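The values are calculated or read from the model by the stated rules, or taken from the named source; none is laboratory data. Because the structure is a prediction, the values reported are computed rather than measured. Methodologically, a virtual Cβ is constructed for each residue, glycine included, from the backbone with ideal geometry; neighbour enumeration extends over all protein chains shown.
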Amino acid sequence: MWDPWAEVRATEDLRARLKWFLLGRVAVISCFLGMVAAAYLGTGQERYVVPVNRLLLVIIITYVFSMVSAIVLRRVEQLSKFTHIQVAFDVLLITGVIYLTGGLESPFPFLYSLPIINGAVLLFSAGALITAVLSAVAYDALIVALVFNLISPSSELLAVDLDGRAIVRLVTTNITFFLIAYLAGILTRRLHAMERLLEERQAERDRLAVLQETLARTIGSALITTDVDGRVTSIDHTAEQLTHQSSADLRGRDIGTIFPPLQLTPTARLQFLQSTAALEPVEFSHQLNGEPPTYFRCVAAPLHDTFGHPIGALYVLQDVTTLQQLTTDEGAAAQVEELCRESLEAATEMAESSDGLYGISEAMRRVRQLIERVADSDATVLLTGESGTGKELVARAIHARSSRRDKPFVAINCGAIPENLIESELFGHVRGAFTGAVADRVGCFRAANNGTIFLDEIGELPLHLQVKMLRVLQERVFRPVGSETNVAVNVRIIAATNRDLQAQVEAGRFRTDLFYRLNVITIDLPALRERREDIPLLVRHFLRQFSDLHGRRVNRFSVGAGRALLQYDYPGNVRELENVVEHAVALCEGDTAGEEHLPPYMLGNREPRSEPAPERPRPSPSWLPSQPARESKEVVDLDRDLAEYEKAVLLSALERAGGVKKVAARLLNINYRSLRHRLQKYGIGGELGDEPASESSDC
């Protein structure tokens, strides 16, 4: 992807390097001037064989050229040409110095290494090679001209005699030029890569610092970090207020001297830093200068670098003085415990949901571990699990942790696109390939080039396209519809399905070879009923989300509603829970949603039935054959009566499915695309809410 800012940054970097280059040239020529002066004063003008006036003229020309270059540098737009001119001037300058100081016998050919290194610094490997070639040509041309008397030596004492030793010296000097260019190119390339890496790490650190500062301001608790020896390295403003001390007074002190209950023995601290789990919450009192004691609740967690080495610890302190005072009241202890538990759960939710995968269950921990392990590779990943378990979130989490995170992520639902259009959506088409193809279409694979493509519902892919998909997986090459040219792409493929692909293979509806190509790394996402401990975190997240969306202040569910939420089996998984919470928020008028705000089928753990929908009262128009001839003069409208009946059946199925459209499609025994078409036909989709982003087929 073309990035104009990258070109601007590269231009400004080159301009900055040119400033240092010009300054270095002035410094070198100044040193050379000093050497000439010292040699002249030490030998005397009558014994000095080199024409000093010419050397001084060269030095003056260099000073003037450098000053003019520094002045025009700010206004030059074509910096590449300007840089080549500067390097060429240095080569000519050194060639002139060698001419004045003896040609082949001159002690200054080593100076050619300076423009070669400068060429590498300014223009990298190509610049170093070009400068080496230019230096070799200039030096050889000078020696040849002196040997064959094409130009006269600067002094009769400096005449060149080309013998065998001189030829060896000339060849050795030329080889040295290219060796310096090669080594300088490698060094500058590595230095440039390291510089870019440091800039990325600095930008990442700045982003993390901003995130830390934002969390510190909003979490409502004090944050203190220590090094591996337990000495305080940073504290936030809240910690200063709680301890009544400034950061300057606390920084560098042992955390155990500030809060004695947090003191750890060396062995205990080593075990704590090498672990990956937080310590159990600790409550203690802290008193300063005879003031009433302050009660703190502290949670500590170890900190590790990217290589897993311990670098310190994070302490989160919460002032629970008010809660501690409440424990003296009858029944207040349970209330304190509940409030502390909610605070701990909120902190855990914040720590675990940065990738959108809310949950602290063992099943979700295993999923996160798999994501971390497979993210760095380019292996194909197959995500399995029931509908609504968050397969696209996992795919995005893998992409965000991979080396392709700055490249496109393209998601396409293979089951939501008509069969006659899916090949064009995936691979693109050329103009005129079929009726309606009025322009070229890139297709999702080319749109995801160098990035990641997520193929949701891969089990819905038609058999004739599975062959083409197999070739893309094997060779990363495909042919757009109507084109005669193959297209090569570099993409990582993540596929997802809610079907049993092994059973599909045995039934002949899915190719065996494609299945094994997809089944390189499999991540099976657990159903929501298999990780019920995550339901409170998800409910809290959806309550905040839909309260903000609908302008409500629903903060919690009643005990009865919470019991129903925990006991329900959720055939639609997280997506169904999301619809249930939105349903409750939309109906609730206060801050607590009750059982009456839940869908009726949830009460008593009654999930949507999978048997066909029962017969509902039908309209009774006169055209029904079982009805006798009507005496009414009502005009028969076949289309109207059919539409009324079909709409009633659709609404009934959606009500029993809790608003989950795929479940409703299964209840009606129709495919999902047909259901969407019918809902749009009667304008029902807008009343129930849009489909999740994972069901979009746009690239």
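Miscellaneous remarks
- Residue in the range 6-20 that is of a type in the set (Lys, Arg), at pLDDT below 85, surrounded by fewer than 13 Cβ atoms within 10 Å (Cβ to Cβ) and assigned by TED's automatic domain parsing to the domain that holds residue 176 present: yes
- Candidates 173, 225, 188, filtered to the one that is surrounded by 14 or more Cβ atoms within 10 Å (Cβ to Cβ), modelled with pLDDT of 85 or more and within 30 Å of residue 150 (Cβ to Cβ): 173
Yes or no, residue by residue, for (1) closer than 18 Å to residue 181 by Cα; (2) crowded, with 19+ Cβ neighbours inside 10 Å; (3) among the small types (Gly, Ala, Ser):
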position: 59; (1), (2), (3): no, no, no
position: 90; (1), (2), (3): yes, yes, no
position: 122; (1), (2), (3): yes, yes, no
position: 141; (1), (2), (3): no, no, yes
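- Per the conditions (1) over 48 Å from the mean Cα position of the chain (by Cα); (2) of a type outside the set (D, E, K, R); (3) farther than 26 Å from residue 31 by Cα, the sole criterion not satisfied by residue 101 is (3).
- Residue in the range 353-373 that is touching a strand residue (DSSP E or B) at 6+ places or on another chain (Cβ under 7 Å) and either at pLDDT 85 or above or at positive phi (or both) present: yes
- Output for the range 26-36, where each listed residue is surrounded by 13 or more Cβ atoms within 10 Å (Cβ to Cβ) and either at pLDDT below 80 or closer than 18 Å to residue 81 by Cβ (or both): 32, 33, 36
- When the residues of the range 411-428 are filtered to those that are modelled with pLDDT of 85 or more and in contact with an Asp or Glu (Cβ under 8 Å, 6 or more places away or on another chain), the one that is nearest to residue 458 (Cα to Cα) is 414.
- For the range 552-581, taking the residues that are outside any helix (DSSP H, G or I) and among the hydrophobic types (A, V, I, L, M, F, W, C), the one that is nearest to residue 364 (Cα to Cα) is identified as 557.
- Pair list, Cβ < 7 Å and 6+ apart or interchain, from the range 361-375 residues that are more than 14 Å from residue 522 (Cα to Cα) to residues that are basic (Lys, Arg) and surrounded by 12 or more Cβ atoms within 10 Å (Cβ to Cβ): 361/531; 363/531; 364/531
Let's see how each residue does on (1) under 30 Å from residue 203 (Cβ atoms); (2) of a type in the set (S, T, N, Q):
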site	(1), (2)
415	no, no
421	no, no
424	no, yes
438	no, no
442	no, no
452	yes, yes
461	no, no
468	no, no
472	no, no
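- Of all residues in the range 234-247, those that are in contact with a strand residue (DSSP E or B) (Cβ under 6 Å, 6 or more places away or on another chain) and crowded, with 16+ Cβ neighbours inside 10 Å total 6.
- Remark: residue 463 falls outside the filter, which requires a residue to be surrounded by fewer than 18 Cβ atoms within 10 Å (Cβ to Cβ) and either touching a residue at least 60 places away in the same chain (Cβ under 8 Å) or touching a helix residue (DSSP H, G or I) at 6+ places or on another chain (Cβ under 6 Å) (or both).
- Any pair with Cβ under 7 angstrom, 6 or more apart, that starts in the range 498-512 at a residue that is of a type in the set (D, E, K, R) and ends at one that is in a helix (DSSP H, G or I) and surrounded by 15 or more Cβ atoms within 10 Å (Cβ to Cβ): 499/459; 511/466; 511/470
- In summary, helices (runs of 4 or more DSSP H) completely within the range 480-551 and bearing 1 or more residues that are assigned by TED's automatic domain parsing to the domain that holds residue 401 and in contact with a Ser or Thr (Cβ under 9 Å, 6 or more places away or on another chain) occur at 501-506, 512-518.
- The lone exception for residue 480 - which of (1) at pLDDT 90 or above; (2) in contact with a His (Cβ under 6 Å, 6 or more places away or on another chain); (3) not hydrophobic (A, V, I, L, M, F, W, C) it fails: (1)
- Note on the range 642-699: enclosed helices (runs of 4 or more DSSP H) holding 1 or more residues that are surrounded by fewer than 20 Cβ atoms within 10 Å (Cβ to Cβ), modelled with pLDDT of 80 or more and among the aliphatic types (A, V, I, L, M) are 661-668.
- Residues considered: 535, 494. Of these, the only one that is touching a residue at least 12 places away in the same chain (Cβ under 8 Å), closer than 16 Å to residue 459 by Cβ and β-branched (Val, Ile, Thr) is 494.
- For the range 375-391, a tally of residues being surrounded by 20 or more Cβ atoms within 10 Å (Cβ to Cβ) and in a helix (DSSP H, G or I) returns 1.
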